[in-house]
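Every number here is computed from the coordinates shown, using simple stated rules; none is lab data. Since we're looking at a predicted model, the values are computed, not measured. Here the Cβ positions follow ideal geometry from the backbone for every residue, glycine too, while neighbour counts run over all protein chains shown.
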Ligand code: UDP
């Protein structure tokens, strides 16, 4: 079971794929989540199955016309925020039923105050294709992420349960260069203020039934359901079927999103304007730390996918080894 939520690995980057598959074999899982809006089910990402269910349209031309009509009626020319971006991509009906509630639950902020790029992560397709990612390579490490990380760190000394910031001086004396992947504001003792993060909480249950939802991920896109999605772990594994036997039970996790506070695990940076400005100030401080490289989700305050983190780490490592910065 993934302790930190779904984490479906996907990439178009051949170098990243070649790198990561040295440490794990990946299964052939393809993410095709379902959206549940007050019991109405829709296919994700937004594609012809979604448009057909929403409007009864059958051809790509009819779907495109419907989207165009709704975009025109909303009067959007240059999308300036997530709401406008979403409506101009898929129209108002889909925005209202499949985007607004989910996004506001996930980010705890109105869609009009969120940056447009968040929704651009999702493909919009005029084909009957439920594959959530536009990626050449996709899957889940068959023995799990913990084993994969174990292999990646083989032969390297690792100290767990050791707070770097609390033991900074002693640990810094061990190395010439330090790679810091914790929250950038924590590194500087929050001296310019606190950056905002979203945290995630999972409620996991073992159920006495073989098949709870028939799919690995179901998003609850209405505003009223308190969780944002439910994952049913067994469906991440290839070759499972829903017939009794050893599979008479199932494990599900409900995912709840909340505003991060000190002591919680930070998950997502909130990349709105206010936090962007504060991060830029921290970045200036970070650039002046000669021995320290700041990387990753928290170190760079960036909504990074796993493959993008690896690509960036490989680039940084190459640059360091070649002696440039
Ligand atoms: N999103 C949405 N409805 C959905 C799924 C995603 O509106 O059913 C939007 C939402 O704004 C969300 C973004 O797409 O913040 C990215 O969602 P995804 O689930 O891909 O993000 P993850 O949490 O997996 O990084």
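Based on DSSP, what percent of beta bridges with both residues in the chain are antiparallel, to the nearest 5?
Of all bridge pairs located within the chain, approximately 80 percent are antiparallel.
May I have the extent of the alpha carbons of the chain along their three principal axes, as whole Å values ordered from largest to smallest?
Projected onto its principal axes, the Cα set of the chain covers 65, 55, 36 Å.
Roughly speaking, what is the centre-to-centre gap between the range 244-284 and the range 102-127 when only Cα atoms are used, to the nearest Å?
The two parts, judged by their Cα centres, are 15 Å apart.
Label residue 72 and residue 213 with points 7 Å out from Cα along Cα→Cβ: what is the distance between them in nm?
Distance between the two pseudo-spin positions: 3.8 nm.
Under a GNM of the chain (C-alpha, springs under 10 Å), which listed residue has the highest mean-square fluctuation: 188, 133, 29?
Highest fluctuation among the options: 188.
Quick one: order 277, 229 by neighbouring beta-carbon count within 10 Å, fewest to most.
Ranked by crowding around the Cβ, least crowded first: 277, 229.
Quick one: if the Förster radius is 45 Å, what FRET efficiency do residue 172 and residue 201 give, using the C-beta to C-beta distance and rounding to 0.05? Walk me through the intermediate numbers first.
Working: r = 33 Å, r/R0 = 0.74.
Given R0 = 45 Å and the Cβ-Cβ separation, E is 0.85.
Note the angle between two axes, namely the Cα long axis of helix 306-321 and the longest principal axis of the Cα atoms of the chain, as a number of degrees from 0 to 90, rounded to the nearest 10.
Around 30 degrees separate the two axes.
Would you list 92, 59 from fewest to most Cβ contacts within 10 Å?
Going from sparsest to densest Cβ surroundings: 59, 92.
From Cα coordinates alone, what are the radius of gyration and Dmax values for the range 178-219 in angstrom?
Answer for the range 178-219, Rg first and Dmax second: 19.0, 52 Å.
Give me Rg/Rg_expected for the range 1-59, where Rg uses Cα atoms only and Rg_expected = 2.2 N^0.38 Å with N residues.
On the way: Rg = 16.4 Å, N = 59, 2.2 N^0.38 = 10.4 Å.
After normalising by residue count via 2.2 N^0.38 Å, the value is 1.59.
Can you give me the angle between helix 60-74 and the longest principal axis of the chain, using Cα atoms only, in degrees from 0 to 90, rounded to the nearest 10?
Taking Cα atoms only, the helix is inclined about 80 degrees.
Please work out the FRET efficiency for the pair residue 129 and residue 264, using the Cβ-Cβ distance as r and a Förster radius of 30 Å; give the result to the nearest 0.05. Can you show the working numbers first?
Working: r = 37 Å, r/R0 = 1.23.
Between residue 129 and residue 264 the formula returns 0.20.
Any idea how far the Cα center of the range 28-72 sits from the one of the range 164-237, in Å?
29 Å
Using the beta-carbon distance between residue 142 and residue 194 and R0 = 35 Å, what value does 1/(1 + (r/R0)^6) give for FRET efficiency, to the nearest 0.05?
0.35
Return 220, 137, 128 ranked ascending by Cβ neighbour count within 10 Å, so the fewest neighbours appear first.
128, 137, 220
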